[in-house]
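Let me begin by presenting the structure, written as structure tokens, before commenting on it.
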Amino acid sequence: MARMQIGVVTSALLLGGCATPELADPERSEPEIASSASASKDEFETLGAVHRGDLRYPKQIGQYALVGVEDYDEVGLGVGFKYRDQASPDFVIDVYVYPITKHVIASLADVLEWEQEAVQQGIEAAAKQNGWVVEPAAGFVLDPGVEDLPAGFGSVRRIVVDGQPKMSFAFVAVRDHEFFKIRFTADEQPGVDLGEQFNNVVAVFYPAIQRKQPRPAPELGITVLAEAMAAAGNRSCALAPWLAYGSEMLRQIEAGHYMPTYERELAARKKVLESWNALRREHPYEECPNASLESLAAAARADFFREYVFEAYDRGYWDVPEDLRRDAFIQWANATLPKHDPFRFPGVQVGWKQEDAKTLDSVEEGDELEPPRGE
């Protein structure tokens, strides 16, 4: 996974030492052991594997002993695990494995970003209710060094609870089509690099808590929204590029790529461009007009396709590719597309397939379409 500068991360479960109800303590031994504050990931020993349903988790990882489990897996709400440093009780790790609900408003292509927004709202609500002071913290880079770690969001916050400053780190991603989140909370301590400790925690806890069998990929479908209909001028022929976008996003989600990266957006917009160019070869522009797609095609003809996608659809947390010619593109765009307003929202949603899915032959607003599988 590439190094990622931390931004604001949100999730449906709250950050902070007091945000989640305390889990019940199971019976456990508490041997004398040194604090994990300076432990490297190689010093974490996993002890006592336990199975709950089809989830495998350890009773102890390094200095962190399991002190509680909340299990709502049978009713579809997931499982939460709490681990505590036996020598430094303020060092707490919470791990959550929980499903993506079928009733999410967002497209599955955006569900991870929506999850981070939900956490931020939860932090703000909890802070207001409990009188906490929540402050942003900078300088932390998520880099746990795990090759198979899925792309996800990382965050760090400084939370003052009853006068005690705490550092709260979190990582949230989608693994095997369900959310996986690790939260690490500890009292702020001079000379202790809690960011490095969190990277070690992610590196060790991510592979330690696993399903026996990965959850199967959901059967997905594509729904056309009003925005796509409006952008297409209610002409079904002009919906083909947005269906191509949705088809590529569906393929990405089926492959487990839930993180809205620049590379994922670039692949989807490339399919849009290919579909639009094919459409233009068959129909005059007047039959299927679309100023936004024509601008995308113009940028591609000027060899600014990658720059156009980045500048038009940047999520705010994308890393800027080193070879991107941003200045040259902006100069070209100001001269060629002075009043251009790119159509940011694709107008399609990727979601769980419905039984009454339709094809492009007779599409109306809100209809779900069977995507072309193609390559």
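A short reminder: the numbers here are calculations on the coordinates, not readings from a lab. Just so it is clear, the structure is predicted and the values come from calculations on it, not from any experiment. Cβ: placed from backbone, ideal geometry, glycine included. Neighbour counts: every protein chain shown.
Taken along the Cα-to-beta-carbon direction at a fixed 7 Å, the label points for residue 54 and residue 344 span 3.8 nm.
Roughly speaking, what is the stretch gain from residue 303 to residue 212, that is 0.36 nm per residue apart minus the C-alpha to C-alpha distance, in nm to one decimal?
28.0 nm is the gain from fully extending residue 303 to residue 212.
Near residue 60, the amide H atoms lying under 5 Å from its own belong to 47, 66; only residues 5 or more places off or on other chains count, and H is placed 1.01 Å from N. Averaging Cα coordinates gives a centre for the range 78-118 and one for the range 291-352; these two points are 33 Å apart. Among the listed pairs 82/166; 271/339; 128/181; 181/212; 59/181, which have their C-alpha atoms separated by more than 21 angstrom in this model? The answer is 271/339; 128/181.
Note on residue 188/residue 291: beta-carbon distance plugged into 1/(1 + (r/R0)^6) with R0 of 45 Å gives a FRET efficiency of 0.30. Taken one residue at a time, the phi angles of the range 162-174 give Karplus couplings (6.51, -1.76, 1.60, θ = phi - 60°) of 6, x, 9, x, 10, 9, 10, 10, 8, 10, 10, 8, 10 Hz. Gly and Pro are set to x. The phi-based Karplus calculation (6.51 cos²θ - 1.76 cosθ + 1.60; θ = phi - 60°) puts the 3J(HN,Hα) values of the range 207-219 at x, 6, 10, 9, 6, 4, 10, x, 5, x, 5, x, 7 Hz, whole numbers, x for Gly and Pro.
For residue 143 and residue 325, the FRET efficiency from 1/(1 + (r/R0)^6), where r spans their Cβ atoms and R0 equals 25 Å, is about 0.35.
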